[in-house]
Amino acid sequence: MDLILKHFPNLTTQQIEQFAQLEELYKTWNAQINVISRKDIDNLYERHVLHSLAIAKMVTFRQDSHVIDLGTGGGFPGIPLAILFPKVSFTLIDGTRKKIRVVEAVAEAIDLKNVKAKHVRAEECKDRADFVVTRAVASLDKLLMWSRRLLKAKQMNALPNGLIALKGGDIEREIDLIHRDEYKEVYDIQEYFDRPAFDEKYVVYVQG
């Protein structure tokens, strides 16, 4: 928790309590349904929560925005972002029912009212959002193909509607997978959080 407070010092009491509950909840659920790598569960706040919150360092979602977390898994990046932006609506989708069960249980346990969890594949989702966020799901070209149809035409944020993906590894190869004329921005997470865990970790934005 100290790591979260270091980088996000202006959290409310409720937000601090919600973040603080995540460790025990995920350890309990992970023992039943493996949604987080067992070697990572002891580093939950750095490798999952703080990593998810890197998105909040490059964009501030306006009140009443709607964000879809595509392929949310156990709730990342959607749940940390929903805690940080309580006046933004988040729809967390995943094609695996047991993972959605974990998301629903965690959101209910911490009284996270701005989250809806849906057992649905991206191709079947009927929701529309200002942004699609995602983490460790697929290559950028596939993510862009899936997310484009989920984006609203109407704009309400300073940043135009689009895809925001947490990516790692060879970012140039990833970028080469999408058309060179696509408007994109790449942010090195090390610039936000100077920690070895974020070597070669990036936030990639592609305008919708």
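Every number in this text was worked out from the coordinates using simple rules, so none of it is lab data. These numbers were taken from a predicted model, which means no experiment stands behind them. In this analysis, Cβ positions are derived from the backbone assuming ideal geometry, glycine residues included, and neighbour counts consider all displayed protein chains.
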Packing-based order for 66-73, 111-118, using average beta carbon neighbours within 10 Å, highest first | 66-73, 111-118
Most packed first (mean Cβ within 10 Å per residue), the peptides 126-139, 48-61, 12-25 order as 48-61, 126-139, 12-25
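Expected output is a single nm value to one decimal: the length gained when fully extending between Asp181 and Arg97, i.e. 0.36 nm times separation in residues minus the C-alpha distance. What is it? Please list the in-between numbers first.
Details: separation 84, 0.36 × 84 = 30.24 nm, distance 3.69 nm.
Length gained, Asp181 through Arg97: 26.6 nm.
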Looking at region 104-208, which GluC sites (Glu not before Pro) are in a loop (DSSP not H, G, I, E or B) and have at most 16 other Cβ atoms within 10 Å?
-> Glu182, Glu200
Take the alpha-carbon centre of region 1-55, take the same for region 129-208, and report the distance between them in whole Å.
-> 22 Å
Enumerate the calculated ³J(HN,Hα) couplings along region 38-51 in order (Karplus 6.51 cos²θ - 1.76 cosθ + 1.60, θ = phi - 60°), each rounded to whole Hz, writing x wherever the residue is Gly or Pro.
-> 4, 6, 9, 4, 6, 10, 3, 5, 7, 7, 10, 6, 5, 4
Where a ≥ b ≥ c are the square roots of the eigenvalues of the C-alpha gyration tensor, would you call region 1-51 rounded, which needs a/c under 1.5, or, failing that, prolate if a/b is larger than b/c, or oblate?
-> oblate
Quick one: which residues, 5+ away or cross-chain, put their amide H under 5 Å from the amide H of Val133? H built at 1.01 Å from N.
-> Ile68, Asp69, Leu70, Ile164
Residues whose modelled amide H sits under 5 Å from the amide H of Lys152, counting only those 5 or more places away in sequence or on another chain, are Ala129, Asp130
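In nm, what is the difference between 0.36 nm times the number of residues separating Asp170 and His7 and their Cα-Cα distance?
Working: separation 163, 0.36 × 163 = 58.68 nm, distance 2.62 nm.
Length difference between fully extended and current span is 56.1 nm.
In deg cm²/dmol, rounded to 500, what helix-only [θ] at 222 nm does the chain give when every DSSP H run of at least 4 residues adds -39500 (n - 2.57) and the total is split over its residues?
Values: 7 runs with 65 residues, N = 208.
Here the helix-only value at 222 nm equals -9000 deg cm²/dmol.
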